[in-house]
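The values are calculated or read from the model by the stated rules, or taken from the named source; none is laboratory data. Here the structure is a predicted model, which is why all the values come from computation and not from measurement. Backbone-built Cβ (ideal geometry, glycine too); neighbour counts: all protein chains shown. Keep in mind that these areas ignore ligands, DNA and RNA; they rest on the heavy atoms of the full protein, side chains included. Shrake-Rupley method; radii C 1.70, N 1.55, O 1.52, S 1.80 Å.
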Amino acid sequence: MDFKCFKLLLLGGAVRLYFSRTSVAALIGNRVEFATPLNSYKRMQEGVFLLHQGIDPYSGDLVHETPLVLKAISSLFLNYAAFLPLLYILCDLCTATLLYSMSRSFVAQKLQQQRKESENYDKDSIELQYSEKDHYDIAKMVLVAYLFNPLTVMSCIGLTSTVLSNLLLASFLCALTRRHLLVCLVLLAFETVRSLYPVVLIAPLLLIFARRSAGLSIAIFLMFASFCLAIAGANFLVMNSWNFLDGTLGFIFYFRDLQPNIGLFWYFFTEMFEHFRTMFLITFQLNATVLYLVPLSIKLRKEPMLLATVLVALMAVFRAYPSLGDVGFYLALMPLWRRCWKFMAHGFVVFTFFLVTLSMMGSLWHLWIYAGSANANFYFGATLAFCTGQIFLITDLLFAHVKREFCLYNGQKIMIDGEEARILLE
(Lines give C-alpha, C1' and ligand atoms only; values in the text may rest on other atoms or scores of the structure.)
Protein backbone atom coordinates (compact mmCIF):
# COMPACT_ATOMS: atom_id res chain seq x y z
CA MET A 1 0.00 0.00 0.00
CA ASP A 2 1.47 3.35 -1.03
CA PHE A 3 1.52 6.54 1.03
CA LYS A 4 -1.58 8.04 -0.67
CA CYS A 5 -3.71 5.04 0.25
CA PHE A 6 -2.26 5.07 3.74
CA LYS A 7 -3.41 8.69 4.09
CA LEU A 8 -6.86 7.65 2.93
CA LEU A 9 -6.91 5.01 5.66
CA LEU A 10 -5.96 7.58 8.27
CA LEU A 11 -8.60 9.98 6.98
CA GLY A 12 -11.25 7.24 7.04
CA GLY A 13 -10.30 6.40 10.61
CA ALA A 14 -10.38 10.08 11.60
CA VAL A 15 -13.88 10.49 10.13
CA ARG A 16 -15.13 7.50 12.11
CA LEU A 17 -13.42 8.66 15.30
CA TYR A 18 -14.91 12.14 15.00
CA PHE A 19 -18.49 10.95 14.50
CA SER A 20 -18.15 8.27 17.19
CA ARG A 21 -17.69 11.11 19.72
CA THR A 22 -20.85 12.94 18.68
CA SER A 23 -24.53 12.35 19.42
CA VAL A 24 -24.89 10.87 15.93
CA ALA A 25 -23.32 7.61 17.15
CA ALA A 26 -26.05 6.97 19.73
CA LEU A 27 -28.72 7.92 17.18
CA ILE A 28 -27.38 5.47 14.57
CA GLY A 29 -27.09 2.72 17.18
CA ASN A 30 -30.86 2.93 17.69
CA ARG A 31 -31.90 3.18 14.05
CA VAL A 32 -33.60 0.08 12.65
CA GLU A 33 -31.89 0.63 9.29
CA PHE A 34 -28.51 -0.09 10.89
CA ALA A 35 -29.19 -1.96 14.15
CA THR A 36 -31.09 -5.24 13.81
CA PRO A 37 -31.79 -7.94 16.42
CA LEU A 38 -28.66 -9.73 15.16
CA ASN A 39 -26.09 -6.92 15.13
CA SER A 40 -27.32 -4.47 17.78
CA TYR A 41 -24.69 -3.18 20.21
CA LYS A 42 -27.19 -3.16 23.09
CA ARG A 43 -28.04 -6.82 22.58
CA MET A 44 -24.39 -7.77 22.45
CA GLN A 45 -23.78 -5.76 25.61
CA GLU A 46 -26.62 -7.62 27.30
CA GLY A 47 -25.19 -10.96 26.16
CA VAL A 48 -21.75 -10.13 27.59
CA PHE A 49 -23.30 -9.12 30.91
CA LEU A 50 -25.40 -12.29 31.17
CA LEU A 51 -22.40 -14.47 30.26
CA HIS A 52 -20.30 -12.71 32.90
CA GLN A 53 -23.00 -13.34 35.51
CA GLY A 54 -23.07 -17.04 34.65
CA ILE A 55 -26.55 -16.83 33.09
CA ASP A 56 -27.25 -18.52 29.77
CA PRO A 57 -27.71 -15.58 27.30
CA TYR A 58 -29.81 -17.81 25.05
CA SER A 59 -32.40 -18.75 27.65
CA GLY A 60 -34.38 -15.72 26.51
CA ASP A 61 -34.86 -14.23 23.07
CA LEU A 62 -32.61 -11.18 23.25
CA VAL A 63 -29.05 -12.30 22.45
CA HIS A 64 -28.17 -13.76 19.04
CA GLU A 65 -24.39 -13.50 18.80
CA THR A 66 -22.29 -16.66 19.05
CA PRO A 67 -20.69 -17.61 22.40
CA LEU A 68 -17.16 -17.43 20.94
CA VAL A 69 -17.60 -13.77 19.96
CA LEU A 70 -19.24 -12.90 23.28
CA LYS A 71 -16.40 -14.56 25.17
CA ALA A 72 -13.72 -12.91 23.03
CA ILE A 73 -14.99 -9.37 23.57
CA SER A 74 -16.34 -9.74 27.12
CA SER A 75 -13.23 -8.31 28.81
CA LEU A 76 -13.31 -5.28 26.50
CA PHE A 77 -16.99 -4.63 27.19
CA LEU A 78 -16.56 -5.00 30.95
CA ASN A 79 -13.20 -3.31 31.54
CA TYR A 80 -12.47 -1.04 28.58
CA ALA A 81 -15.87 0.05 27.33
CA ALA A 82 -14.58 3.55 26.54
CA PHE A 83 -12.16 2.09 23.97
CA LEU A 84 -14.76 0.00 22.12
CA PRO A 85 -15.24 2.61 19.34
CA LEU A 86 -11.50 2.38 18.64
CA LEU A 87 -11.77 -1.41 18.28
CA TYR A 88 -14.64 -1.09 15.81
CA ILE A 89 -12.75 1.57 13.86
CA LEU A 90 -9.63 -0.62 13.69
CA CYS A 91 -11.73 -3.54 12.45
CA ASP A 92 -13.25 -1.34 9.75
CA LEU A 93 -9.83 -0.10 8.67
CA CYS A 94 -8.61 -3.70 8.51
CA THR A 95 -11.61 -4.51 6.30
CA ALA A 96 -10.70 -1.65 3.96
CA THR A 97 -7.07 -2.82 3.83
CA LEU A 98 -8.11 -6.37 3.02
CA LEU A 99 -10.42 -5.17 0.26
CA TYR A 100 -7.56 -3.10 -1.17
CA SER A 101 -5.26 -6.12 -1.13
CA MET A 102 -7.97 -8.31 -2.64
CA SER A 103 -8.53 -5.80 -5.44
CA ARG A 104 -4.86 -5.75 -6.41
CA SER A 105 -4.74 -9.54 -6.52
CA PHE A 106 -7.96 -9.62 -8.54
CA VAL A 107 -6.66 -7.18 -11.17
CA ALA A 108 -3.34 -9.06 -11.38
CA GLN A 109 -5.24 -12.28 -12.12
CA LYS A 110 -7.40 -10.51 -14.71
CA LEU A 111 -4.29 -9.19 -16.47
CA GLN A 112 -2.77 -12.66 -16.48
CA GLN A 113 -5.99 -14.12 -17.91
CA GLN A 114 -6.10 -11.44 -20.62
CA ARG A 115 -2.55 -12.24 -21.75
CA LYS A 116 -3.60 -15.83 -22.37
CA GLU A 117 -6.80 -14.89 -24.22
CA SER A 118 -5.70 -11.67 -25.97
CA GLU A 119 -5.28 -13.44 -29.32
CA ASN A 120 -9.02 -14.06 -29.43
CA TYR A 121 -10.01 -10.51 -28.49
CA ASP A 122 -11.27 -8.09 -31.10
CA LYS A 123 -9.08 -5.07 -31.86
CA ASP A 124 -11.99 -2.80 -31.00
CA SER A 125 -12.13 -4.03 -27.39
CA ILE A 126 -9.09 -2.25 -25.90
CA GLU A 127 -11.13 -0.01 -23.60
CA LEU A 128 -12.99 -3.06 -22.25
CA GLN A 129 -9.79 -4.79 -21.14
CA TYR A 130 -8.10 -4.38 -17.78
CA SER A 131 -4.86 -2.40 -17.95
CA GLU A 132 -1.79 -2.03 -15.76
CA LYS A 133 -3.20 1.29 -14.58
CA ASP A 134 -6.23 -0.55 -13.14
CA HIS A 135 -3.86 -2.35 -10.80
CA TYR A 136 -3.75 0.83 -8.74
CA ASP A 137 -6.90 2.70 -9.79
CA ILE A 138 -9.42 -0.05 -9.07
CA ALA A 139 -7.83 -0.89 -5.71
CA LYS A 140 -7.94 2.79 -4.76
CA MET A 141 -11.59 3.09 -5.81
CA VAL A 142 -12.50 0.05 -3.72
CA LEU A 143 -10.66 1.55 -0.76
CA VAL A 144 -12.43 4.90 -1.11
CA ALA A 145 -15.80 3.23 -1.73
CA TYR A 146 -15.55 1.41 1.58
CA LEU A 147 -13.86 4.05 3.74
CA PHE A 148 -16.08 6.99 2.82
CA ASN A 149 -19.41 5.35 2.08
CA PRO A 150 -21.86 6.89 4.61
CA LEU A 151 -23.48 3.47 5.07
CA THR A 152 -20.25 1.80 6.25
CA VAL A 153 -19.20 4.83 8.29
CA MET A 154 -22.50 4.96 10.17
CA SER A 155 -22.56 1.20 10.65
CA CYS A 156 -19.16 1.50 12.31
CA ILE A 157 -19.96 4.43 14.61
CA GLY A 158 -23.23 2.73 15.59
CA LEU A 159 -21.09 -0.16 16.96
CA THR A 160 -23.01 -2.81 15.05
CA SER A 161 -21.53 -6.28 14.71
CA THR A 162 -21.90 -5.89 10.94
CA VAL A 163 -18.38 -4.49 11.22
CA LEU A 164 -17.19 -7.95 12.26
CA SER A 165 -19.18 -9.63 9.48
CA ASN A 166 -17.65 -7.28 6.91
CA LEU A 167 -14.18 -8.04 8.27
CA LEU A 168 -14.73 -11.79 7.97
CA LEU A 169 -16.16 -11.49 4.46
CA ALA A 170 -13.31 -9.23 3.33
CA SER A 171 -10.80 -11.71 4.79
CA PHE A 172 -12.56 -14.54 2.95
CA LEU A 173 -12.52 -12.69 -0.39
CA CYS A 174 -8.87 -11.74 0.07
CA ALA A 175 -7.93 -15.35 0.84
CA LEU A 176 -10.04 -16.47 -2.12
CA THR A 177 -8.12 -14.29 -4.59
CA ARG A 178 -4.82 -15.48 -3.11
CA ARG A 179 -5.92 -19.15 -3.33
CA HIS A 180 -5.55 -19.97 0.40
CA LEU A 181 -8.02 -22.86 0.70
CA LEU A 182 -7.83 -23.63 4.44
CA VAL A 183 -8.07 -19.95 5.40
CA CYS A 184 -11.13 -19.57 3.16
CA LEU A 185 -12.82 -22.59 4.67
CA VAL A 186 -12.22 -21.50 8.28
CA LEU A 187 -13.42 -17.94 7.68
CA LEU A 188 -16.48 -19.04 5.73
CA ALA A 189 -17.38 -21.67 8.32
CA PHE A 190 -17.09 -19.15 11.16
CA GLU A 191 -19.30 -16.60 9.41
CA THR A 192 -21.79 -19.29 8.38
CA VAL A 193 -22.20 -20.40 12.00
CA ARG A 194 -22.74 -16.75 12.93
CA SER A 195 -25.21 -15.67 10.27
CA LEU A 196 -26.22 -18.66 8.09
CA TYR A 197 -26.47 -16.96 4.68
CA PRO A 198 -22.73 -16.87 3.79
CA VAL A 199 -22.95 -20.64 3.25
CA VAL A 200 -23.81 -19.82 -0.40
CA LEU A 201 -20.25 -18.52 -0.88
CA ILE A 202 -19.10 -22.14 -0.96
CA ALA A 203 -20.07 -22.00 -4.68
CA PRO A 204 -17.39 -19.52 -5.84
CA LEU A 205 -14.90 -21.28 -3.58
CA LEU A 206 -15.56 -24.61 -5.31
CA LEU A 207 -15.38 -22.96 -8.73
CA ILE A 208 -11.91 -21.63 -7.95
CA PHE A 209 -10.40 -24.68 -6.25
CA ALA A 210 -12.24 -27.61 -7.84
CA ARG A 211 -13.96 -26.54 -11.04
CA ARG A 212 -13.11 -29.67 -13.02
CA SER A 213 -13.01 -32.27 -10.26
CA ALA A 214 -16.18 -33.62 -8.68
CA GLY A 215 -14.17 -35.67 -6.18
CA LEU A 216 -12.20 -32.64 -5.03
CA SER A 217 -15.42 -30.62 -4.76
CA ILE A 218 -16.92 -33.24 -2.46
CA ALA A 219 -13.73 -33.35 -0.39
CA ILE A 220 -13.69 -29.54 0.00
CA PHE A 221 -17.37 -29.49 0.92
CA LEU A 222 -16.80 -32.16 3.57
CA MET A 223 -13.89 -30.13 4.93
CA PHE A 224 -16.16 -27.08 5.10
CA ALA A 225 -18.84 -29.08 6.94
CA SER A 226 -16.15 -30.36 9.34
CA PHE A 227 -14.98 -26.83 10.09
CA CYS A 228 -18.58 -25.75 10.71
CA LEU A 229 -19.03 -28.62 13.17
CA ALA A 230 -15.71 -27.81 14.84
CA ILE A 231 -16.66 -24.16 15.32
CA ALA A 232 -20.09 -25.17 16.62
CA GLY A 233 -18.30 -27.52 19.03
CA ALA A 234 -16.05 -24.69 20.20
CA ASN A 235 -19.15 -22.59 20.88
CA PHE A 236 -20.59 -25.52 22.84
CA LEU A 237 -17.45 -25.66 25.00
CA VAL A 238 -17.91 -22.00 25.92
CA MET A 239 -21.53 -22.47 27.03
CA ASN A 240 -21.60 -26.21 27.79
CA SER A 241 -24.99 -26.13 26.07
CA TRP A 242 -26.41 -26.31 22.56
CA ASN A 243 -28.95 -23.55 23.26
CA PHE A 244 -26.89 -21.12 21.19
CA LEU A 245 -27.84 -22.93 17.97
CA ASP A 246 -31.48 -22.06 18.44
CA GLY A 247 -30.56 -18.55 19.59
CA THR A 248 -28.43 -17.84 16.51
CA LEU A 249 -29.13 -19.99 13.45
CA GLY A 250 -32.60 -21.00 14.65
CA PHE A 251 -33.50 -17.38 15.34
CA ILE A 252 -32.44 -16.39 11.80
CA PHE A 253 -34.17 -19.26 10.06
CA TYR A 254 -37.48 -19.08 11.94
CA PHE A 255 -37.54 -15.25 11.91
CA ARG A 256 -38.92 -14.81 15.41
CA ASP A 257 -38.38 -11.06 15.81
CA LEU A 258 -40.70 -8.96 13.64
CA GLN A 259 -38.88 -5.69 14.31
CA PRO A 260 -38.98 -3.60 11.09
CA ASN A 261 -35.80 -3.33 9.04
CA ILE A 262 -34.76 -2.58 5.45
CA GLY A 263 -35.63 -6.12 4.32
CA LEU A 264 -38.75 -7.85 3.08
CA PHE A 265 -39.45 -10.45 5.79
CA TRP A 266 -40.90 -8.35 8.58
CA TYR A 267 -43.92 -6.88 6.77
CA PHE A 268 -45.07 -10.14 5.20
CA PHE A 269 -44.79 -12.11 8.42
CA THR A 270 -46.54 -9.39 10.40
CA GLU A 271 -49.55 -9.52 8.08
CA MET A 272 -49.59 -13.28 7.55
CA PHE A 273 -51.99 -15.80 9.07
CA GLU A 274 -50.14 -18.21 11.33
CA HIS A 275 -51.12 -21.37 9.44
CA PHE A 276 -49.37 -20.02 6.31
CA ARG A 277 -46.18 -19.12 8.16
CA THR A 278 -44.23 -22.34 7.61
CA MET A 279 -44.79 -22.38 3.85
CA PHE A 280 -43.79 -18.75 3.38
CA LEU A 281 -40.88 -19.09 5.79
CA ILE A 282 -39.38 -21.88 3.68
CA THR A 283 -40.10 -19.92 0.48
CA PHE A 284 -38.42 -16.74 1.74
CA GLN A 285 -35.39 -18.61 3.09
CA LEU A 286 -34.97 -20.54 -0.18
CA ASN A 287 -35.14 -17.23 -2.02
CA ALA A 288 -32.37 -15.87 0.20
CA THR A 289 -30.08 -18.88 -0.21
CA VAL A 290 -30.28 -21.55 -2.91
CA LEU A 291 -32.86 -20.21 -5.40
CA TYR A 292 -30.33 -18.15 -7.39
CA LEU A 293 -27.27 -20.19 -6.45
CA VAL A 294 -27.38 -22.91 -9.12
CA PRO A 295 -28.30 -20.80 -12.18
CA LEU A 296 -25.80 -18.08 -11.27
CA SER A 297 -23.07 -20.65 -10.58
CA ILE A 298 -23.64 -22.20 -14.01
CA LYS A 299 -23.70 -18.87 -15.83
CA LEU A 300 -20.73 -17.36 -13.96
CA ARG A 301 -18.64 -20.51 -13.69
CA LYS A 302 -15.74 -18.70 -15.38
CA GLU A 303 -16.10 -15.63 -13.15
CA PRO A 304 -16.17 -16.86 -9.55
CA MET A 305 -15.37 -13.41 -8.12
CA LEU A 306 -18.33 -11.89 -9.93
CA LEU A 307 -20.43 -14.75 -8.58
CA ALA A 308 -19.18 -13.97 -5.06
CA THR A 309 -20.01 -10.27 -5.52
CA VAL A 310 -23.54 -11.01 -6.74
CA LEU A 311 -24.19 -13.54 -3.96
CA VAL A 312 -23.02 -11.07 -1.29
CA ALA A 313 -25.35 -8.47 -2.81
CA LEU A 314 -28.30 -10.87 -2.92
CA MET A 315 -27.66 -11.77 0.72
CA ALA A 316 -27.88 -8.10 1.63
CA VAL A 317 -31.23 -7.81 -0.16
CA PHE A 318 -33.03 -11.02 0.81
CA ARG A 319 -31.66 -12.04 4.22
CA ALA A 320 -33.99 -12.04 7.20
CA TYR A 321 -32.32 -9.19 9.11
CA PRO A 322 -30.43 -6.99 6.63
CA SER A 323 -28.83 -3.68 7.53
CA LEU A 324 -27.40 -0.79 5.56
CA GLY A 325 -23.93 -1.90 6.62
CA ASP A 326 -24.39 -5.03 4.49
CA VAL A 327 -25.35 -2.85 1.53
CA GLY A 328 -22.30 -0.63 2.01
CA PHE A 329 -20.01 -3.66 1.88
CA TYR A 330 -21.12 -4.98 -1.51
CA LEU A 331 -21.23 -1.45 -2.97
CA ALA A 332 -17.49 -1.26 -2.20
CA LEU A 333 -16.98 -4.26 -4.50
CA MET A 334 -18.54 -2.56 -7.53
CA PRO A 335 -15.28 -0.89 -8.72
CA LEU A 336 -13.87 -4.38 -9.34
CA TRP A 337 -16.14 -4.46 -12.40
CA ARG A 338 -15.16 -1.04 -13.68
CA ARG A 339 -14.71 -2.40 -17.20
CA CYS A 340 -18.41 -3.35 -17.22
CA TRP A 341 -19.61 0.13 -16.31
CA LYS A 342 -19.77 1.19 -19.96
CA PHE A 343 -22.70 -1.19 -20.47
CA MET A 344 -24.59 -0.44 -17.25
CA ALA A 345 -27.72 1.36 -18.38
CA HIS A 346 -29.57 2.05 -15.13
CA GLY A 347 -27.02 3.98 -13.09
CA PHE A 348 -29.17 7.10 -12.79
CA VAL A 349 -32.28 5.07 -11.92
CA VAL A 350 -30.43 3.12 -9.22
CA PHE A 351 -28.87 6.28 -7.77
CA THR A 352 -32.28 7.96 -7.65
CA PHE A 353 -33.84 4.91 -5.97
CA PHE A 354 -31.09 4.89 -3.33
CA LEU A 355 -31.15 8.63 -2.70
CA VAL A 356 -34.92 9.00 -2.44
CA THR A 357 -35.65 5.84 -0.44
CA LEU A 358 -32.81 6.35 2.05
CA SER A 359 -33.94 9.93 2.56
CA MET A 360 -37.56 8.89 3.08
CA MET A 361 -36.95 6.03 5.52
CA GLY A 362 -36.16 8.28 8.46
CA SER A 363 -39.10 10.62 7.92
CA LEU A 364 -41.59 7.81 7.30
CA TRP A 365 -40.40 5.99 10.42
CA HIS A 366 -40.98 9.17 12.44
CA LEU A 367 -44.44 9.64 10.95
CA TRP A 368 -45.35 6.03 11.72
CA ILE A 369 -43.86 5.49 15.18
CA TYR A 370 -43.81 8.97 16.75
CA ALA A 371 -46.29 11.22 14.96
CA GLY A 372 -48.87 8.47 14.38
CA SER A 373 -49.89 10.01 11.07
CA ALA A 374 -48.66 7.09 8.93
CA ASN A 375 -48.61 3.30 9.20
CA ALA A 376 -46.41 0.31 8.39
CA ASN A 377 -47.36 0.46 4.70
CA PHE A 378 -45.56 3.77 4.29
CA TYR A 379 -42.29 2.55 5.76
CA PHE A 380 -42.47 -0.80 3.97
CA GLY A 381 -43.08 1.05 0.70
CA ALA A 382 -39.75 2.85 1.14
CA THR A 383 -37.88 -0.36 2.02
CA LEU A 384 -39.50 -2.23 -0.88
CA ALA A 385 -38.42 0.51 -3.29
CA PHE A 386 -34.92 0.37 -1.82
CA CYS A 387 -34.75 -3.39 -2.40
CA THR A 388 -36.02 -2.85 -5.94
CA GLY A 389 -33.21 -0.38 -6.58
CA GLN A 390 -30.69 -2.95 -5.36
CA ILE A 391 -32.13 -5.61 -7.70
CA PHE A 392 -31.85 -3.14 -10.59
CA LEU A 393 -28.19 -2.65 -9.71
CA ILE A 394 -27.45 -6.39 -9.52
CA THR A 395 -29.22 -7.25 -12.76
CA ASP A 396 -27.63 -4.27 -14.49
CA LEU A 397 -24.19 -5.52 -13.48
CA LEU A 398 -24.95 -9.04 -14.73
CA PHE A 399 -26.26 -7.79 -18.08
CA ALA A 400 -23.25 -5.47 -18.41
CA HIS A 401 -20.91 -8.40 -17.82
CA VAL A 402 -22.61 -10.46 -20.55
CA LYS A 403 -22.42 -7.55 -23.01
CA ARG A 404 -18.75 -6.94 -22.20
CA GLU A 405 -17.90 -10.59 -22.75
CA PHE A 406 -19.63 -10.50 -26.13
CA CYS A 407 -17.89 -7.28 -27.21
CA LEU A 408 -14.46 -8.55 -26.13
CA TYR A 409 -14.58 -11.24 -28.81
CA ASN A 410 -16.83 -9.57 -31.41
CA GLY A 411 -16.00 -5.90 -31.09
CA GLN A 412 -18.17 -3.01 -29.97
CA LYS A 413 -19.41 -2.17 -33.45
CA ILE A 414 -21.34 -4.92 -35.19
CA MET A 415 -22.22 -4.09 -38.78
CA ILE A 416 -25.26 -5.67 -40.50
CA ASP A 417 -26.05 -4.65 -44.07
CA GLY A 418 -23.72 -1.67 -43.72
CA GLU A 419 -25.45 -0.35 -40.62
CA GLU A 420 -24.35 -0.53 -37.00
CA ALA A 421 -26.33 -3.12 -35.07
CA ARG A 422 -27.59 -2.61 -31.56
CA ILE A 423 -26.95 -5.34 -28.98
CA LEU A 424 -30.01 -6.24 -26.95
CA LEU A 425 -30.50 -8.80 -24.20
CA GLU A 426 -33.94 -10.39 -24.18
*Look at the range 136-164 and say how many of its residues are surrounded by fewer than 24 Cβ atoms within 10 Å (Cβ to Cβ) and of a type in the set (S, T, N, Q).*
1
*Can you name the residue in the range 114-135 that is touching a residue at least 12 places away in the same chain (Cβ under 8 Å) and farther than 21 Å from ALA400 by Cβ and, of all such residues, is least open to solvent (accessible area, probe 1.4 Å)?*
HIS135
*Among (1) open to solvent by 80 Å² or more (accessible area, probe 1.4 Å); (2) in contact with a Phe, Trp or Tyr (Cβ under 9 Å, 6 or more places away or on another chain); (3) β-branched (Val, Ile, Thr), which single condition is THR278 missing?*
(2)
*Do we have any residue at all in the range 87-106 that's outside any helix (DSSP H, G or I), touching a Lys or Arg at 6+ places or on another chain (Cβ under 9 Å) and modelled with pLDDT of 90 or more?*
no
*asked:* Filter the range 272-295 down to the residues that are without any contact (Cβ under 8 Å) to a residue 40 or more places away in the chain and closer than 26 Å to ALA332 by Cβ and list them by number.
replied: ASN287, LEU291, TYR292, PRO295
*Is it the case that some residue within the range 55-63 is touching a Gly at 6+ places or on another chain (Cβ under 6 Å) and not hydrophobic (A, V, I, L, M, F, W, C)?*
yes
*With the checklist (1) farther than 22 Å from ALA376 by Cβ; (2) open to solvent by less than 30 Å² (accessible area, probe 1.4 Å) in hand, flag the one item ALA288 doesn't pass.*
(1)
*Examine the range 286-296 for a residue that is under 23 Å from PHE251 (Cβ atoms) and either of a type in the set (S, T, N, Q) or touching a strand residue (DSSP E or B) at 6+ places or on another chain (Cβ under 6 Å) (or both), and state whether such a residue exists.*
yes
*Look at PHE280 and say whether it is modelled with pLDDT of 95 or more, in a helix (DSSP H, G or I) and of a type in the set (A, V, I, L, M, F, W, C).*
no
*Looking at LEU425, LEU367, LEU408, which is the one that is out of contact with any His (no Cβ under 7 Å at 6 or more places or on another chain), at pLDDT below 90, surrounded by fewer than 18 Cβ atoms within 10 Å (Cβ to Cβ) and farther than 21 Å from GLY328 by Cα?*
LEU425
*May I ask you to verify whether THR66 is farther than 30 Å from THR177 by Cα and not aromatic (Phe, Trp, Tyr)?*
no
*asked:* Quick check on this structure: which one of LEU27, LEU111, LEU84, LEU62 is touching a residue at least 60 places away in the same chain (Cβ under 8 Å) and on the phi < 0 side of the Ramachandran plot?
replied: LEU84
*Residue count for the range 314-354, restricted to those that are open to solvent by less than 50 Å² (accessible area, probe 1.4 Å), in contact with a Ser or Thr (Cβ under 9 Å, 6 or more places away or on another chain), outside any helix (DSSP H, G or I) and closer than 23 Å to GLU127 by Cα*: 2
*asked:* Given the criteria closer than 15 Å to ALA332 by Cα, open to solvent by 10 Å² or more (accessible area, probe 1.4 Å) and aliphatic (A, V, I, L, M), does LEU98 qualify?
replied: yes
*Return the pairs, sorted by first residue and then second, in which the second residue is open to solvent by 50 Å² or more (accessible area, probe 1.4 Å) and not in a helix (DSSP H, G or I), the first residue lies in the range 180-204 and is under 21 Å from LEU296 (Cα atoms) and among the β-branched types (Val, Ile, Thr), the beta carbons are less than 9 Å apart, and the residues are 6+ apart or on different chains.*
VAL200/VAL290; VAL200/TYR292
